[in-house]
Amino acid sequence: MNRWEPVIGLEIHVHLKTRTKMFCACAVEYGAEPNTLTCPVCLGHPGTLPVPNARAVEWTVKLGLALGCEIAAHAVFHRKNYFYPDLAKGYQISQYDEPLCRDGRFLVPTAEGELEVGIVRAHLEEDAAKIVHVGGAGGRIGGADYSLVDYNRAGTPLVEIVTRPDLRSADDARRFLQLLRQTIVELGISDAEMEKGTLRADANISVRRAGDTGLRTRTELKNMNSFSFIARGIEAELARQVEVWESGGEVVQQTYDFHADTGALTARRTKEEAEDYRYFPEPDLVPLSPPPELVEPVRRQLPELPGARVGRLRADLDFEAATGLVTSGRDRLFEAVVAAGGEPRPTANVLMNQFATAGVDPAAVEADEFAKLIAARDRIPRDTFLRAVAESGRPGFAAEPYLAEAAISDTDALAPLVERVLAENPKQVASYRGGKEGVLGFFVGQVMRETRGKADPKVVNELVREKLRA
Ligand code: ZN
Ligand code: MN
């Protein structure tokens, strides 16, 4: 791979979590009974007219601004024509040569500094219906017995983001996507969950000789539904292309599916020319001209973006920990815990590991209480600590009761209790000292009962022996 440079661009589709669909009043909802969220507009009945969703337009502007894009003064909806049952109208309303957002740049922090990813465009469109092919091989239409169509998804608002081919590794692509996802989530416009399909990413991939500036034939990689699949899929496709070029062959423009279970790539269809969708301006919609009164307040209210926050954390943490905290949405809690006296590194470790495992909502955690827990982490039994971390998001959580348990493995706290148990049972003490070592178990049992089983039996055992020897 050393002599070949990867050239990767991404196309990302993001579902907007608006209350209603893009061009009708049907509800946007996941998991509803199939074909219950439909109307004549999203079913493509003749004579119906689309009405754009103002919130979807506003949120696309918001995302465009976060991506550093220019917001077009004049954006046009186009019809993208193709025949497939997932589109009842026979065309998708999308945007073509006049998208709502264009020419942006998105900065991705890296271990060495920063990677600038150009954004070609971000445009608004409607999603198609969901099709399930039943029977046959692997859910594909070829060989299927029949296909089921669910139009609940038809007409739901989507933003399509297209990047420039600025990514130079599978890892770059993964980092970019994770940061983009966190940005979208924080903007409050989408849940952006790859597993649910509310964030979907396709990659355009080619390789070239290191030092070359031209581009070779690219392929498209689809069907990747997690960040690690994307990274693995891109790796696999890069390796395949290098092998093709190295063996004297030629990469063919084609679409591939990556199968995460087997690691295999399968070709979809040959694209000798760009597909002709016969785009033309949607005659039923006027152009969008978002006025400054809409754009400027959105710009002013943009929150501090995740990418910018990574740099701040690097004062205390290494790059991996800093990005991990930010892209998991735990960095604000991290900063609050550190401000409350938590040591940065252990705090980051606990937030990235035990905290994640327990699935705690960082927004629900009281930083002061969490900081107390971090400070006591080496003094309390491991399972108590883990339980406290897991419960740290509960309403009214306090560290104190867990720290009190900590005392129970602590000899200083247990010694008085052991002494009291011995003092209360002089007969048993005498018989132990007379040679009946089995009585030891009785004392340990008494202490355990007094602490309601919370004492560390090994510590108690040693303490009892020690006191009886005295
Ligand atoms: Zn509808
Ligand atoms: Mn699209």
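The values are calculated or read from the model by the stated rules, or taken from the named source; none is laboratory data. Remember, predicted model here, so these are calculated numbers, not experimental data. We place every Cβ from the backbone using ideal geometry, glycine too, and count neighbours over all the protein chains shown. In case anyone asks, the SASA skips ligands and DNA or RNA and just uses the protein heavy atoms, side chains included. Shrake-Rupley method; radii C 1.70, N 1.55, O 1.52, S 1.80 Å.
Inspect all residues belonging to segment 159-166 and state whether any of them is farther than 30 Å from residue 29 by Cα and among the charged types (D, E, K, R).
Within segment 159-166, the first condition is being farther than 30 Å from residue 29 by Cα, and the residues that meet it are 164-166.
Those left that are additionally among the charged types (D, E, K, R): 164, 166.
Yes: segment 159-166 contains one or more residues that are farther than 30 Å from residue 29 by Cα and among the charged types (D, E, K, R).
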Selection count where residues are under 21 Å from residue 15 (Cα atoms) and of a type in the set (Lys, Arg), scope segment 195-226: 3
Among (1) in contact with a Ser or Thr (Cβ under 7 Å, 6 or more places away or on another chain); (2) of a type outside the set (Gly, Ala, Ser); (3) at pLDDT 95 or above; (4) farther than 22 Å from residue 95 by Cβ - the single one residue 159 does not satisfy: (4)
Looking at 105, 121, 140, 164, which is the one that is open to solvent by 10 Å² or more (accessible area, probe 1.4 Å), within 16 Å of ligand 2 (Cβ to nearest atom) and either in the same structural domain as residue 61 (by TED's automatic domain parsing) or out of contact with any His (no Cβ under 8 Å at 6 or more places or on another chain) (or both)? 121
Considering only segment 1-18, how many residues are open to solvent by 30 Å² or more (accessible area, probe 1.4 Å) and within 16 Å of ligand 1 (Cβ to nearest atom)? 0
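Condition test on residue 153, is it within 16 Å of ligand 2 (Cβ to nearest atom), open to solvent by 40 Å² or more (accessible area, probe 1.4 Å), in contact with a Cys (Cβ under 7 Å, 6 or more places away or on another chain) and without any contact (Cβ under 8 Å) to a residue 60 or more places away in the chain?
Values: within 16 Å of ligand 2 (Cβ to nearest atom): yes; open to solvent by 40 Å² or more (accessible area, probe 1.4 Å): yes; in contact with a Cys (Cβ under 7 Å, 6 or more places away or on another chain): no; without any contact (Cβ under 8 Å) to a residue 60 or more places away in the chain: yes.
The answer is no for residue 153.
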Using the structure shown, decide if residue 45 is over 30 Å from the mean Cα position of the chain (by Cα) and assigned by TED's automatic domain parsing to the domain that holds residue 226. yes
Enumerate the pairs (first residue in segment 19-44 and buried (at least 21 other Cβ atoms within 10 Å of the Cβ); second residue anywhere and part of a loop (DSSP other than H, G, I, E, B) and acidic (Asp, Glu)) with beta-carbon separation below 7 Å, excluding pairs fewer than 6 apart on the same chain, so at least 6 apart or on different chains. 37/29
Selection from segment 227-268 of residues that are closer than 17 Å to residue 11 by Cβ and at pLDDT below 90: 268
Among the residues of segment 4-52, write down those that are within 16 Å of ligand 2 (Cβ to nearest atom) and not in a loop (DSSP other than H, G, I, E, B). 9, 10, 11, 12, 13, 14, 15
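Just to verify a result, which residue in segment 123-150, among those that are touching a residue at least 60 places away in the same chain (Cβ under 8 Å) and within 18 Å of residue 81 (Cα to Cα), is farthest from ligand 1 (Cβ to nearest atom)? Even if it seems obvious, please write down each step before you answer.
Going residue by residue through segment 123-150, those that are touching a residue at least 60 places away in the same chain (Cβ under 8 Å) are 123-127, 147-150.
Among the residues that remain, those that are also within 18 Å of residue 81 (Cα to Cα) are: 123-127.
Numbers: 123: 21, 124: 17, 125: 15, 126: 10, 127: 12 Å.
Ranking the candidates gives 123 first.
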